[in-house]
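Asker: The structure under discussion is supplied below as structure tokens; questions concerning it will follow.
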Amino acid sequence: MTVTIALPSKGRIKEGAEKALEKAGFPVETNGNDRSYRGQVRGRPDIEIAFLSASEISREVGNGAVDFGVTGEDVVRENVAQADARVEFISRLGFGQADVVVAVPEIWLDVDTMADLNDVASEFRSRHGRRLAIATKFWRLTQQFFTAKHGIQLYRIVESLGATEGAPMAGQADIIVDITSTGSTLAANHLKILSDGVILKSEACFVRARKAAHEGDPVVDEILTAMRS
Ligand SMILES: Nc1ncnc2c1ncn2[C@@H]1O[C@H](COP(=O)(O)OP(=O)(O)OP(=O)(O)O)[C@@H](O)[C@H]1O
Ligand SMILES: O=P(O)(O)OC[C@H]1O[C@H](OP(=O)(O)OP(=O)(O)O)[C@H](O)[C@@H]1O
């Protein structure tokens, strides 16, 4: 069968993704046009490349529309329900590192842990007349971490589509859940990470859609062996 591998069409993990494939013996070629959304592996008519954004890749691998992909673990776990049942993490590629974290204003001197935050959340309504507001684009990861893992019920998610770290100073939310890599954006916005507030340590990963048709397919096996080593 023809196997499709989805690679980032833009953004910070695009270059590393193509290098990782090339290193594994699959040099990617575009159709001589940087804006093209299809490509191929040199000399391999049985492998197709689909260029998509990092979050589209997570969805398309999650629903089996493509066979493999390179994207961040964070976007897979955020965009795919029961990710481990649908997506197999084949290898971690050593770039695109970013932590998904819970960060609160530095001036909250008494708040250092998720347990402290739970206390704040419990008292928030009586003190302020509303629930603790969390700005994030990571709805699923936030709910899993706050509710399922830490038993925190009293909060409200405020959807953020960008500049999440600015939300507390702008009065749009009290705290945030976002990715950080160097930490400079958090520092610039006077936010601190809770000591047990790292939700996920993400990096770019090579992932596979869990599909029955992959069983015993020689091209799938070849790609798996090459990308595992
Ligand atoms: N400093 C950083 N900021 C944002 N993302 C980072 C950073 N460092 C690594 N990443 C990772 O890069 C991936 C997202 O890549 P990128 O930001 O290029 O995607 P995008 O072009 O915004 O995609 P989409 O439009 O689908 O959201 C995520 O897995 C993220 O964890
Ligand atoms: O810890 P740091 O090194 O400061 O990086 C973290 C920041 O980088 C990303 O934003 P980016 O500027 O890429 O914009 P985006 O939110 O549009 O991706 C991310 O959303 C954080 O805001």
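Asker: So which residues in the range 6-58 are in a helix (DSSP H, G or I) and touching a helix residue (DSSP H, G or I) at 6+ places or on another chain (Cβ under 6 Å)? Spell out the reasoning first.
Answerer: Taking the range 6-58 and keeping what is in a helix (DSSP H, G or I), we get 14-23, 54-58.
Within the range 6-58, Ala54, Ser55, Ser58 meet the criteria.
Asker: Counting just the residues of the range 144-165 that are buried (at least 17 other Cβ atoms within 10 Å of the Cβ) and either among the β-branched types (Val, Ile, Thr) or not in a strand (DSSP E or B) (or both), which one comes out farthest from ligand 1 (Cβ to nearest atom)?
Answerer: Kept after step one, since they are buried (at least 17 other Cβ atoms within 10 Å of the Cβ), are these residues of the range 144-165: 145-146, 150, 152, 155, 157, 160, 164-165.
The next check asks that each one be either among the β-branched types (Val, Ile, Thr) or not in a strand (DSSP E or B) (or both); those that pass are 145-146, 150, 152, 157, 160, 164-165.
Numbers: Phe145: 16, Phe146: 20, His150: 22, Ile152: 24, Ile157: 18, Ser160: 13, Thr164: 11, Glu165: 11 Å.
Here the answer is Ile152.
Asker: Follow-up question, since we're still on this one. Give just the number: which of (1) more than 18 Å from Glu78 (Cα to Cα); (2) touching a Leu at 6+ places or on another chain (Cβ under 9 Å); (3) charged (D, E, K, R); (4) modelled with pLDDT of 95 or more does Lys137 not satisfy?
Answerer: (1)
Asker: Considering (1) within 16 Å of ligand 2 (Cβ to nearest atom); (2) closer than 17 Å to Phe89 by Cβ, say which one Gly69 fails and leave the rest.
Answerer: (1)
Asker: Further, regarding this structure: Only residues that are buried (at least 18 other Cβ atoms within 10 Å of the Cβ), within 15 Å of ligand 1 (Cβ to nearest atom) and free of Cβ contacts under 8 Å to residues at least 40 places away in the same chain: list them for the range 18-38, please.
Answerer: Answer for the range 18-38, where residues must be buried (at least 18 other Cβ atoms within 10 Å of the Cβ), within 15 Å of ligand 1 (Cβ to nearest atom) and free of Cβ contacts under 8 Å to residues at least 40 places away in the same chain: just Glu18.
Asker: Considering only residues of the range 178-193 that are away from ligand 1 (no atom under 13 Å from the Cβ) and surrounded by 17 or more Cβ atoms within 10 Å (Cβ to Cβ), which is farthest from Val101 (Cα to Cα)?
Answerer: Per the stated criteria, the residue is Asn189.
Asker: On to the next question. Which numbered condition in (1) in a strand (DSSP E or B); (2) surrounded by fewer than 20 Cβ atoms within 10 Å (Cβ to Cβ) is the only one that Asp84 fails?
Answerer: Of the numbered conditions (1) in a strand (DSSP E or B); (2) surrounded by fewer than 20 Cβ atoms within 10 Å (Cβ to Cβ), the odd one out for Asp84 is (1).
Asker: When the residues of the range 166-177 are narrowed to those that are assigned to a strand (DSSP E or B) and within 16 Å of ligand 1 (Cβ to nearest atom), which ends up surrounded by the fewest Cβ atoms within 10 Å (Cβ to Cβ)?
Answerer: So the first thing to find is which residues in the range 166-177 are assigned to a strand (DSSP E or B), and the list is 175-177.
This time we only want the ones that are within 16 Å of ligand 1 (Cβ to nearest atom), so: 176-177.
Values: Ile176: 28, Val177: 25.
Filtering the range 166-177 for residues that are assigned to a strand (DSSP E or B) and within 16 Å of ligand 1 (Cβ to nearest atom), the one surrounded by the fewest Cβ atoms within 10 Å (Cβ to Cβ) comes out as Val177.
Asker: Sticking with this structure for a sec: In the range 3-22, what residues are of a type in the set (A, V, I, L, M) and more than 13 Å from Phe206 (Cα to Cα)? It would help to see each step written out before you state the result.
Answerer: Of the range 3-22, the ones of a type in the set (A, V, I, L, M) are 3, 5-7, 13, 17, 20-21.
Scanning the range 3-22 gives a single hit, Val3.
Asker: I would also like to ask the following. Answer yes or no as to whether Glu222 is outside any strand (DSSP E or B), free of Cβ contacts under 8 Å to residues at least 60 places away in the same chain and within 30 Å of Glu48 (Cα to Cα). Talk me through it step by step, then tell me what you get.
Answerer: On the way: outside any strand (DSSP E or B): yes; free of Cβ contacts under 8 Å to residues at least 60 places away in the same chain: yes; within 30 Å of Glu48 (Cα to Cα): yes.
Criteria met by Glu222.
Asker: Restricting attention to the range 178-219, report how many residues are touching a residue at least 40 places away in the same chain (Cβ under 8 Å), under 27 Å from Gly69 (Cβ atoms) and in a helix (DSSP H, G or I). Before the answer, list the steps.
Answerer: Keep residues of the range 178-219 that are touching a residue at least 40 places away in the same chain (Cβ under 8 Å), which gives 178-181, 186, 190-211, 213-214, 217, 219.
Subset that is under 27 Å from Gly69 (Cβ atoms): 178-181, 198-211, 213-214, 217, 219.
Right, trim to in a helix (DSSP H, G or I) and you get 213-214, 219.
The number of residues fulfilling the criteria is 3.
Asker: Please determine whether any residue of the range 64-76 is away from ligand 1 (no atom under 15 Å from the Cβ), touching a residue at least 24 places away in the same chain (Cβ under 8 Å) and within 25 Å of Ala173 (Cβ to Cβ).
Answerer: Within the range 64-76, not a single residue is away from ligand 1 (no atom under 15 Å from the Cβ), touching a residue at least 24 places away in the same chain (Cβ under 8 Å) and within 25 Å of Ala173 (Cβ to Cβ).
Asker: Would you mention how many residues in the range 39-66 are surrounded by fewer than 24 Cβ atoms within 10 Å (Cβ to Cβ) and within 16 Å of ligand 2 (Cβ to nearest atom)?
Answerer: Residues flagged as surrounded by fewer than 24 Cβ atoms within 10 Å (Cβ to Cβ) and within 16 Å of ligand 2 (Cβ to nearest atom) within the range 39-66 amount to 3.
Asker: Let me ask something else about it. Within the range 118-128, identify whether any single residue is within 27 Å of Asn79 (Cα to Cα), in contact with a helix residue (DSSP H, G or I) (Cβ under 8 Å, 6 or more places away or on another chain) and surrounded by 14 or more Cβ atoms within 10 Å (Cβ to Cβ), and answer yes or no.
Answerer: If we filter the range 118-128 for residues that are within 27 Å of Asn79 (Cα to Cα), which is where we start, we get 118, 121.
Filter once more, keeping what is in contact with a helix residue (DSSP H, G or I) (Cβ under 8 Å, 6 or more places away or on another chain): none.
Within the range 118-128, not a single residue is within 27 Å of Asn79 (Cα to Cα), in contact with a helix residue (DSSP H, G or I) (Cβ under 8 Å, 6 or more places away or on another chain) and surrounded by 14 or more Cβ atoms within 10 Å (Cβ to Cβ).
The values are calculated or read from the model by the stated rules, or taken from the named source; none is laboratory data. Note that the structure is predicted; figures quoted are calculated from it, not measured. Cβ atoms come from the backbone with ideal geometry, glycine included; neighbour counts cover every protein chain shown.
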